[in-house]
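The values are calculated or read from the model by the stated rules, or taken from the named source; none is laboratory data. Keep in mind it's a predicted model, so treat the numbers as computed, not measured. Because the Cβ atoms are built from the backbone with ideal geometry, glycine has one as well, and the counts that use them run over all protein chains shown. Note: areas computed on protein heavy atoms with side chains; ligands, DNA, RNA excluded. Shrake-Rupley method; radii C 1.70, N 1.55, O 1.52, S 1.80 Å.
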Amino acid sequence: MFRKIRIFLEMIKIEHTLFALPFAFMGAILGSMVVNDTFPTWMQIMWVLLAMIGARSAAFGLNRMIDQAIDKKNPRTAMRAIPAGLLKNGEVVIFIIVSFVLLFWASSNLNVLSMQLLPIAVFMLVLYSYTKRFTWLCHIVLGMTIGLAPLGGWVAVTGTMDWTAIVLYVTIVFWTAGFDIIYACQDLDFDQGEGLHSIPSRFGLNKSLQIAKFFHVITAIGFLALLLLTDLSWWYGAGMLITYGILFYEHYIVSPNDMSRVQTAFFTMNSVLSLVVFTFTLIDLAVK
């Protein structure tokens, strides 16, 4: 049983929770302070956490199911649980259903707007896995999906959505799309050979890294805009200086001539970034 649990956790890349979860909590805390002038309750945080677990688990399960034939051909992904025969399709289907039930249950315990927006979230979770088959904008679609984490956190505790929430959403959309382009550079040759769509397979390595940099410039502007749109102050500003340094370093360690540190740029740097942004936002709001 424990081996099976470990395989499921590996399938959904539980360690990648460090990307989206801190931003979900940031959206919840910042939204509650902006709209209600108070921190969210522990119950609200718990439901946000459960909704994130459900959404993320369903998304990864769907992606692995939908992409299993592609994953089996790609040497980088051939040993994933489904193509390697470690999990059966039926087991993954049950896992996906349970994950969606958890998402629905958590959303139903938040507010009306959360339930009204739930079909859009489910649609985006399903859509992303198909986009590489027909558009190189798949990275943007992934960003639009992961960006629902902070936006969902905001809506979950406020029951509203305003321009500040939209700015936060767009900021995370381009942050995600930027690092996903870097990650996709690993599969440039495979994607071109299989007729799959991505920015690297469409524009080549050099231009793709330039596009990723541009997307992260938008991210940097978005984080600055949040400082101007809210009561966040110098603690958040200090966190942004660190965040900008992380974004710079992420692009510094990858180049068309040296892609050996893609995993560091993709996982380590972005995990640290999300934790830094959340931590300094929390400190800023807590000391007011």
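Hey, can you find the accessible area per residue of the chain for me, probe 1.4 Å, expressed in square angstrom?
Here the per-residue accessible area is 46 Å².
In sequence order, what are the phi-derived ³J(HN,Hα) couplings for the stretch 29-42 according to the Karplus relation 6.51 cos²θ - 1.76 cosθ + 1.60 with θ = phi - 60°, rounded to whole Hz, with x for glycine and proline?
Per residue, the Karplus-derived 3J(HN,Hα) values read 6, 5, x, 5, 6, 5, 8, 9, 6, 7, 6, x, 6, 5 Hz.
Between Ile7 and Ala286, what's the calculated FRET efficiency when r is the beta-carbon distance and R0 is 41 Å? Round to 0.05.
It comes to 0.55.
Between Ser233 and Ile97, what length in nm is gained on full extension when 0.36 nm per residue of separation is reduced by their alpha carbon distance?
44.7 nm
When N is the residue count of the stretch 82-166, what does its C-alpha Rg come to as a fraction of 2.2 N^0.38 Å?
1.28
Using 0.36 nm times the number of residues separating Ser260 and Thr160, minus their current alpha carbon distance, what extension gain do you get?
Extra length from Ser260 to Thr160 when fully extended: 31.6 nm.
Can you give me the orientation-averaged projected area of the convex hull built on the Cα atoms of the stretch 197-288, in nm²?
One quarter of the hull surface, i.e. the mean projection, equals 6.3 nm².
When the helices in the chain are scored as -39500 (n - 2.57) per DSSP H run of 4 or longer and the sum is shared across all residues, what 222 nm value do you end up with, to the nearest 500 deg cm²/dmol?
For the chain, the value works out to -25000 deg cm²/dmol.
What are the ³J(HN,Hα) couplings of the stretch 100-114, residue after residue, when phi is run through the Karplus curve with 6.51, -1.76, 1.60 and θ = phi - 60°? Round to Hz, x for glycine and proline.
Couplings: 5, 4, 4, 4, 5, 4, 5, 4, 5, 9, 9, 7, 5, 5, 4 Hz.
Would you kindly give the portion of the calculated P(r) for the chain that falls above 36 Å, as a percent of all Cα pairs?
Percent of Cα pairs beyond 36 Å in the chain: 15.
Would you mind telling me the share, in percent, of accessible area of the stretch 1-130 contributed by carbon and sulfur at probe 1.4 angstrom?
Answer for the stretch 1-130 is 73 percent, counting heavy atoms of protein chains only.
Whole angstrom only: what separates the Cα centroid of the stretch 196-261 from the Cα centroid of the stretch 62-99?
The two parts, judged by their Cα centres, are 31 Å apart.
For Val126 and Gln210, compute 0.36 nm times the residue count separating them, minus their Cα-Cα distance, and round to one decimal in nm.
27.4 nm
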